[in-house]
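Report on the following structure.
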Amino acid sequence: MMNNYEEVYLKIINSIYLTLSRTTGTIPFGGSHFLEEITRGVGEQILDDYGEQLIPESTRPSDICKAYLEGLGHLEFLDKGAFRLEDEGNEVIVIMNQDRCIYQDFCQGVHEEGLLFYCPRLGALQSALKKALNVEYSTEVEFEPESGVCRGRVFPVKHRLRTEMVHFMDDTLDIAGERAVLFTKDVYLSFLVAVNEYAPFILKKVLFDTGYRSFLVVAREVKGHYETPEDYLRVCFEEMKSCGMGRIELDLLDISSSHAKINCYKSFEVAVVKGIKLYRTPRVTCDLLRGMLSACLTVIFERPIICEEMQCAAVEGEYCEFHAYPEEENEVE
């Protein structure tokens, strides 16, 4: 049984992780990645302090994780009996008993509040695998309160979102190693007003081409890391969301005909023009996003794809609806 000091200590640890989850969920550009870095850093510090005694000669991922947990068990840092490890290819499946985990208050609080979650236990294993194999790993976990068991997975990282790799150093902002700048809605609106004033007939094309050209680089970078078009598009949409474009969801994807239907909730472009008399009549406005969507679909289908906005929340409804199809279908014979 724990003494009062240990109970207070564990309460503080759980409260720290819970506060981190609350805070990182409000940070732009990959709050979940920041939480992962913090959690993984704890495991890296333990490895620095206790050295090679926690890492075996075996290169099997499960053996590395077992050695790490057994080492901590001997040091009385955790109850190693609360874990079960299984190999699944180059991944490690981790079965954990919730009632024997010191982080159960943190896990329960996160799920009750709907916060970002990153398991401290799996983060430590992620660190051990990186140190032993020099391979980037990530984790995910299914929290099952009814069964009292957590099923976790530690797996090699296929691709990092560009918007997760944000750094502010030497008075400059960098995203994935490239210089970046943030601008507000007012700056974007001022750009729209200026173009519309001097050359209104090219505004839609300029916005579309800007979205297309800028996201084409990202789309090509993502391609090849994911086996299915659905996974590829999910990552592309996550990049757009992290940039503030809105929550984008795939509604329909027909591979054989290269058709797609996509919805966007809380579009940035809708927020810009709502309440502003930029146009004389209500109209669809998300041309920048339309270009970005066309770029990622063009890459995945390997043929020119045009994306049209059929319904815009700036006019009516709760979301914007986009239909995508091969460019040649739009040509007039």
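A few notes on this one:
- When the residues of the stretch 249-293 are filtered to those that are hydrophobic (A, V, I, L, M, F, W, C) and free of Cβ contacts under 8 Å to residues at least 24 places away in the same chain, the one that is farthest from residue 206 (Cα to Cα) is 252.
- Every residue from the stretch 112-129 that is surrounded by fewer than 18 Cβ atoms within 10 Å (Cβ to Cβ) and either in a helix (DSSP H, G or I) or not assigned by TED's automatic domain parsing to the domain that holds residue 15 (or both): 112, 113
- Residue within the stretch 110-131 that is of a type in the set (Asp, Glu), in contact with a helix residue (DSSP H, G or I) (Cβ under 9 Å, 6 or more places away or on another chain) and at pLDDT below 90 present: no
- Residue check for residue 109: crowded, with 23+ Cβ neighbours inside 10 Å and not in a strand (DSSP E or B): no
- Filter result for the condition that a residue is farther than 23 Å from residue 132 by Cβ, modelled with pLDDT of 75 or more, in a helix (DSSP H, G or I) and of a type in the set (Val, Ile, Thr), over 23, 39: 23
- Qualifying residue in the stretch 138-151 (condition: of a type in the set (Ser, Thr, Tyr), outside the structural domain of residue 225 (by TED's automatic domain parsing) and in a loop (DSSP other than H, G, I, E, B)): yes
- Filtered residues of the stretch 180-196 (kept if surrounded by 10 or more Cβ atoms within 10 Å (Cβ to Cβ) and charged (D, E, K, R)): 185
- Residues that are at pLDDT below 80 and either surrounded by 14 or more Cβ atoms within 10 Å (Cβ to Cβ) or among the basic types (Lys, Arg) (or both) within the stretch 48-68 comprise 50, 54, 55, 56, listed in sequence order.
- Residue 89 farther than 28 Å from residue 12 by Cα and modelled with pLDDT of 80 or more: yes
- For residue 147, the requirement of being in contact (Cβ under 8 Å) with a residue 40 or more places away in the chain, over 29 Å from residue 56 (Cβ atoms) and surrounded by fewer than 17 Cβ atoms within 10 Å (Cβ to Cβ) is not met.
- Only one of the numbered conditions (1) crowded, with 21+ Cβ neighbours inside 10 Å; (2) more than 18 Å from the chain's Cα centre (by Cα); (3) closer than 25 Å to residue 31 by Cα; (4) at pLDDT 95 or above is not met by residue 260, and that is (3).
- Residues in the stretch 185-244 that are touching a residue at least 24 places away in the same chain (Cβ under 8 Å), in contact with a strand residue (DSSP E or B) (Cβ under 7 Å, 6 or more places away or on another chain) and closer than 17 Å to residue 272 by Cα: 1 in all.
The values are calculated or read from the model by the stated rules, or taken from the named source; none is laboratory data. A quick note: this is a predicted structure, and the numbers were derived from the prediction, not measured. Reconstructed Cβ throughout: ideal geometry from the backbone, glycine too, with neighbour counts over all protein chains shown.
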